[in-house]
Amino acid sequence: MNKVVLLAINTKYIHSSLSVWVIAEGVALNSRYSYDIRVVEATINQNVDEIIDMVAEHDPDIIGISSYIWNAGILPELLAILRERLPKIIIVLGGPEASNNIDFWLKNNADYVLIGEGEYCFPEFLDSFVDKTKGHGDGSSVFCMTDEPSPCPEPSPCPDDYIKALNGRLSYIETSRGCPFRCAFCLSAGREVRYFPLEAVKEQILKLSQANTKTIKFVDRTFNCNADRAFEIIKYCIGLDTACIFHFEVAADLFDERTLLLLETAPHGRIQFEIGFQSFFKPSLEAVARKMDFEKAVANLRFLLKSQNIHIHIDLIAGLPYESLADFTESFNLAYSLDTHTLQLGFLKLLHGSELRKQADSFALKYSKEPPYEVISSPWLSSADIQVLKKTENALQNTRNKGRFISTLHYVLSATGYSPFALMHSIGVALPNHGTQLEDYIVLLYHFFRVLPGVDEDSLKDCMIFDWLGMVKGKNTPAFLKNNDERKKRVAEIAEKTLGWKLKREEYTVLCSGLGLFVDRNDYDVVARLNKVYLCG
């Protein structure tokens with residue numbers, strides 16, 4: 001019983017799974033017996049039979065599967081077919097979905113559910129299983145670590161096999177575990193933070209920065225909860241000779257002055273920050289134990305945005321207790337006004353094991369019983385309100401959050417006097433986009449915007465032409481935006497003199513205002529996620 005497959009089912013191909021490789025390393029380091037460990041990485045977009053074929057080719061005795069909300073939806077079907085096709089296989093589930101919903105998975109073809117940190121728990125389970133087959137151990141289907149990891153464990157390894165398997169995909173690194181905060185919707189709430197040794201962390205960062213990966217994402221829950229440590233790691237990342245992008249989840253109010261000054265020196269696009277504001281409505285934040293100094297957070301955020309060298313992503317969560325549609329609208333408008341590069345409108349998820357899920361009945365929160373357990377309604381937010389927000393999110397994701405139509409949105413908001421929420425909702429209602437091609441979507445947006453009160457058609461066209469050249473590379477301008485003005489020849493001459501090469505005809509034009517416009521196809525701004533566009537007389 002020594003052939004083991006560790007299966008990760010990622011959300012997208014571009015994602016990688018550090019956890020299964022770390023667990024494989026843990027087995028190699030910490031097991032008393034020898035095991036033949038194979039790692040299989042699949043995605044939720046693959047056919048279940050295809051995933052099982054990937055497992056079956058290794059002919060395993062035991063399969064360990066990492067479960068979380070984004071792959072839990074396909075696991076019941078996968079386990080049922082796996083049990084049918086490989087009836088002798090021992091199925092072991094770990095991860096937050098399994099360990100916080102044990103009875104469900106044991107009734108759905110899991111033989112064992114593990115509770116604990118995988119690189120310690122899984123090797124201990126394997127050894128215990130071997131002992132049991134030799135007549136030792138109990139018959140429990142739930143396996144917990146016998147001891148907690150030491151306060152200062154060796155850092156999660158970054159195995160060579162993980163690096164070799166990246167193949168250009170997004171890579172992950174963990175430098176600490178736990179979170180000092182107690183947000184009721186989070187599974188890491190209130191867990192004592194353990195930090196991995198700093199020098200070993202730097203070695204891991206260096207190895208990844210030299211690997212075939214473009215983005216390195218730190219999975220620490222609140223990366224900068226220790227300001228001194230965050231400063232040291234960010235300083236190290238800034239100083240590396242690499243083209244990699246480093247992505248951190250941070251709390252904006254926890255930045256100290258020296259870290260802010262350091263971040264001003266970061267190479268353009270080297271750093272990305274994801275910042276969870278969640279809401280600006282204080283009763284909701286108090287209800288979920290979310291603590292933040294908003295005045296300081298906003299001040300720090302504006303400081304970070306000033307240099308435009310760091311991509312900033314902020315989050316809002318719809319569906320929190322006490323927050324009505326009107327309250328959320330205010331939060332949205334305030335968040336939008338901060339003018340970050342991305343504003344994610346997410347929906348509350350009542351996760352197994354979270355404090356808020358335990359409190360759901362007391363708050364009368366209704367939510368889907370299927371992953372990812374999104375809120376359906378609350379006493380403050382009706383199901384109809386949720387649909388209003390879904391339409392708003394659709395418009396936001398297909399415009400501003402993809403770096404699209406930025407100038408156009410600024411202009412339309414200014415010309416109409418609409419609030420950001422009102423404009424995004426109206427776009428979502430009129431033009432729901434579920435895969436519409438960009439060439440078609442821009443036409444629909446133009447016809448929608450041009451009849452709004454206060455909008456000048458020529459000014460609108462100019463903004464859309466400017467946005468089009470910045471958003472795309474090598475695509476013909478939509479027919480309704482084309483300008484055959486004879487001055488285009490002069491624009492082409494200026495562009496060639498400025499850039500040093502001859503432009504393609506779709507890379508320059510003349511605006512309705514008479515100004516020339518051209519794009520540098522070789523100058524892509526990784527912060528704004530746009531190509532550089534020039535205006536000329």
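Note on the range 360-397: residues that are part of a helix (DSSP H, G or I) and of a type in the set (A, V, I, L, M) total 7. Inspect the range 207-214 for any residue being assigned to a loop (DSSP other than H, G, I, E, B), within 29 Å of A528 (Cβ to Cβ) and β-branched (V, I, T) and give the result as yes or no. So far as the range 207-214 goes, yes, one or more of its residues are assigned to a loop (DSSP other than H, G, I, E, B), within 29 Å of A528 (Cβ to Cβ) and β-branched (V, I, T).
Test D256 against the criterion of being acidic (D, E) and surrounded by 19 or more Cβ atoms within 10 Å (Cβ to Cβ), and give yes or no. No: the conditions fail for D256.
Comparison of S188, S156 shows that the only residue that is modelled with pLDDT of 85 or more, in a loop (DSSP other than H, G, I, E, B), hydroxyl-bearing (S, T, Y) and surrounded by 16 or more Cβ atoms within 10 Å (Cβ to Cβ) is S188. Scanning the range 259-270 for residues that are surrounded by fewer than 22 Cβ atoms within 10 Å (Cβ to Cβ) and in contact with a Leu (Cβ under 8 Å, 6 or more places away or on another chain) yields a single hit, L260. From the list S378, S362, the lone residue that is polar (S, T, N, Q) and touching a residue at least 40 places away in the same chain (Cβ under 8 Å) is S378.
L396 passes every criterion in (1) at pLDDT 95 or above; (2) surrounded by fewer than 19 Cβ atoms within 10 Å (Cβ to Cβ) apart from (2).
The residues listed here are E174, E232, E203; of these, the one that is more than 18 Å from R270 (Cβ to Cβ), more than 19 Å from the chain's Cα centre (by Cα) and of a type in the set (D, E) is E203.
When the residues of the range 284-304 are filtered to those that are of a type in the set (G, A, S) and crowded, with 16+ Cβ neighbours inside 10 Å, the one that is nearest to the chain's Cα centre (by Cα) is A297.
Of the helices (runs of 4 or more DSSP H) contained entirely in the range 271-354, those carrying at least 1 residues that are at pLDDT below 95 fall at 294-306. Residue count for the range 408-434 under the criterion of being in contact with a Phe, Trp or Tyr (Cβ under 7 Å, 6 or more places away or on another chain) and surrounded by fewer than 16 Cβ atoms within 10 Å (Cβ to Cβ): the result is 1.
Report yes if P432 is in a loop (DSSP other than H, G, I, E, B), out of contact with any Gly (no Cβ under 9 Å at 6 or more places or on another chain) and farther than 19 Å from K461 by Cα, otherwise no. So P432 fits the description; yes. Screening V443 against (1) touching a residue at least 40 places away in the same chain (Cβ under 8 Å); (2) under 30 Å from the mean Cα position of the chain (by Cα) leaves a single unmet condition, (1).
The rows are residues; the columns are (1) buried (at least 18 other Cβ atoms within 10 Å of the Cβ); (2) among the hydrophobic types (A, V, I, L, M, F, W, C); (3) part of a strand (DSSP E or B).
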{"residue": "I52", "(1), (2), (3)": "yes, yes, no"}
{"residue": "I63", "(1), (2), (3)": "yes, yes, yes"}
{"residue": "W70", "(1), (2), (3)": "no, yes, no"}
{"residue": "E77", "(1), (2), (3)": "no, no, no"}
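One residue is enough: does the range 18-34 have a residue meeting the conditions touching a residue at least 24 places away in the same chain (Cβ under 8 Å), assigned by TED's automatic domain parsing to the domain that holds I65 and part of a strand (DSSP E or B)? Scanning the range 18-34 turns up no residue that is touching a residue at least 24 places away in the same chain (Cβ under 8 Å), assigned by TED's automatic domain parsing to the domain that holds I65 and part of a strand (DSSP E or B). All conditions but one from (1) exposed (fewer than 15 other Cβ atoms within 10 Å of the Cβ); (2) assigned to a helix (DSSP H, G or I) apply to M464; the one that does not is (1). The condition of being of a type in the set (D, E), closer than 26 Å to D525 by Cβ and either under 20 Å from the mean Cα position of the chain (by Cα) or assigned to a loop (DSSP other than H, G, I, E, B) (or both) holds for only one of D220, D241, that being D241.
Yes/no matrix, rows are residues, columns are (1) crowded, with 16+ Cβ neighbours inside 10 Å; (2) out of contact with any strand residue (DSSP E or B) (no Cβ under 8 Å at 6 or more places or on another chain); (3) under 23 Å from G417 (Cβ atoms):
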residue: I310; (1), (2), (3): yes, no, no
residue: H313; (1), (2), (3): yes, no, no
residue: G319; (1), (2), (3): yes, no, no
residue: A326; (1), (2), (3): no, yes, yes
residue: S354; (1), (2), (3): yes, yes, no
residue: L365; (1), (2), (3): yes, no, no
residue: Y373; (1), (2), (3): yes, no, no
residue: K391; (1), (2), (3): yes, yes, yes
residue: K402; (1), (2), (3): no, yes, no
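All of N45, N2, N108, N30 fail the test of being at negative phi and under 26 Å from the mean Cα position of the chain (by Cα), apart from N45.
Matching residues to (1) under 19 Å from Y373 (Cβ atoms); (2) of a type outside the set (A, V, I, L, M, F, W, C); (3) at pLDDT 95 or above:
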residue	(1), (2), (3)
S31	no, yes, no
R38	no, yes, yes
I44	yes, no, yes
S67	yes, yes, yes
R85	no, yes, yes
W105	yes, no, yes
E117	no, yes, no
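If I ask for residues that are assigned to a helix (DSSP H, G or I) and not charged (D, E, K, R), which ones from the range 79-98 would you list? Hits for the range 79-98 are L79, A80, I81, L82, P96, A98. The one condition from (1) under 23 Å from N333 (Cα atoms); (2) crowded, with 17+ Cβ neighbours inside 10 Å that A492 does not meet is (1).
If you check N531, N484, N522 for being touching a residue at least 60 places away in the same chain (Cβ under 8 Å), polar (S, T, N, Q) and not assigned by TED's automatic domain parsing to the domain that holds H311, only one passes: N531.
The values are calculated or read from the model by the stated rules, or taken from the named source; none is laboratory data. Since this is a predicted model, take the numbers as computed values, not measurements. Glycine also receives a Cβ, built like all others from the backbone with ideal geometry; neighbour counts cover every protein chain displayed.
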